[in-house]
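Student: Dropping the structure in here first, questions after.
The values are calculated or read from the model by the stated rules, or taken from the named source; none is laboratory data. These figures come from a predicted structure and were not determined experimentally. Note that each Cβ is placed from the backbone with ideal geometry, even for glycine, and that neighbours are counted across all protein chains shown.
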Amino acid sequence: MNADRILIRYYQYVALALKEWVGRVFDGPVSPNDARLTELEELCKPDLPTLQRLAAVFENVALFEPYSDESVNQALWDLSGFAFVALTDESIEWAVRWRLVSSFETLFREFFAVRCRPILGHLDEEGSPLNSACYMWWDFNCWYPAPDPLTRNRLDSVCLAAMRAILAIDHVACQEGALHGLGHWHRAQPAAVEDIIDEYLQRSPRLRRELRAYADSARAGYVL
């Protein structure tokens, strides 16, 4: 067997392994339970392989197609409590952590913007089950913004860059989710947050009135 054929088989194996992992993680119950959390903690330890797999999935959201909005939403909420905390693990190489946060833009643009309804979560408007994760993404309990200068704070820097990119997506639920995150980051990075939101407001003169008000609140650090 020549080297090219070996390489092809290797990539086929990796793709199959990832697809099976996605099925086990994202095709689960639509309500939380202890047995499910135990299973997910085994499948998605807060380590390098989990971050690599999540980034690969968020970069290729077609992998979510077989699964319901309800099951994917619940899995994302469940994972936030332990898998994403690996983003702060300095023992994991920065390139891997950077890749995952950078993949959030693709997740929002190609998945949330497609399967979420264009509603505002802070007004409790009715949407898809996925609107919950879209709105609360940057408020999951794995995020801990730090008041360090961004030149020495790589994680907050890449998070803010992702939120800036998500604000440019033409979907109000995605924009609201990014504004929600920026509102929480304001206490640690007020100047950067205000610059990002000012830029957003300047290029968006026809925003829905309620979304503009929410942006103004986020700019001051006041969000639900």
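Student: So Cys174 ticks every box in (1) in contact (Cβ under 8 Å) with a residue 40 or more places away in the chain; (2) within 30 Å of Pro49 (Cβ to Cβ); (3) surrounded by fewer than 16 Cβ atoms within 10 Å (Cβ to Cβ) but one. Which box is left unticked?
Tutor: For Cys174, the exception is condition (3).
Student: Also: Any idea which residue in region 38-53 is surrounded by the most Cβ atoms within 10 Å (Cβ to Cβ), counting only those that are assigned to a helix (DSSP H, G or I) and touching a residue at least 24 places away in the same chain (Cβ under 8 Å)? Don't jump to the end; show me each part of the working.
Tutor: Going through region 38-53, the residues assigned to a helix (DSSP H, G or I) turn out to be 38-43, 48-53.
Subset that is touching a residue at least 24 places away in the same chain (Cβ under 8 Å): 40-41, 48, 50-53.
Values: Leu40: 19, Glu41: 15, Leu48: 15, Thr50: 21, Leu51: 24, Gln52: 15, Arg53: 19.
Across region 38-53, the extreme among qualifying residues is Leu51.
Student: Okay, next question. Are any residues in region 58-73 in contact with a Phe, Trp or Tyr (Cβ under 9 Å, 6 or more places away or on another chain) and surrounded by 21 or more Cβ atoms within 10 Å (Cβ to Cβ), and if so, which ones?
Tutor: Phe58, Phe64, Val72
Student: Right, another one. Could you tell me which of the residues Arg109, Arg99 is farther than 17 Å from Ala178 by Cα and basic (Lys, Arg)?
Tutor: After ruling out the rest, the residue left standing is Arg99.
Student: Additional query: Please go through region 76-114 and pick out each residue that is more than 21 Å from Cys159 (Cα to Cα) and either buried (at least 21 other Cβ atoms within 10 Å of the Cβ) or at pLDDT below 95 (or both).
Tutor: If the condition is that a residue be more than 21 Å from Cys159 (Cα to Cα) and either buried (at least 21 other Cβ atoms within 10 Å of the Cβ) or at pLDDT below 95 (or both), then no residue fits.
Student: Another question, if that's okay. List pairs: first in region 187-209 and under 19 Å from Asp139 (Cβ atoms), second assigned to a helix (DSSP H, G or I) and of a type in the set (Phe, Trp, Tyr), Cβ under 7 Å, 6+ apart or cross-chain?
Tutor: Listed pairs, sorted by first residue: Val193/Trp185.
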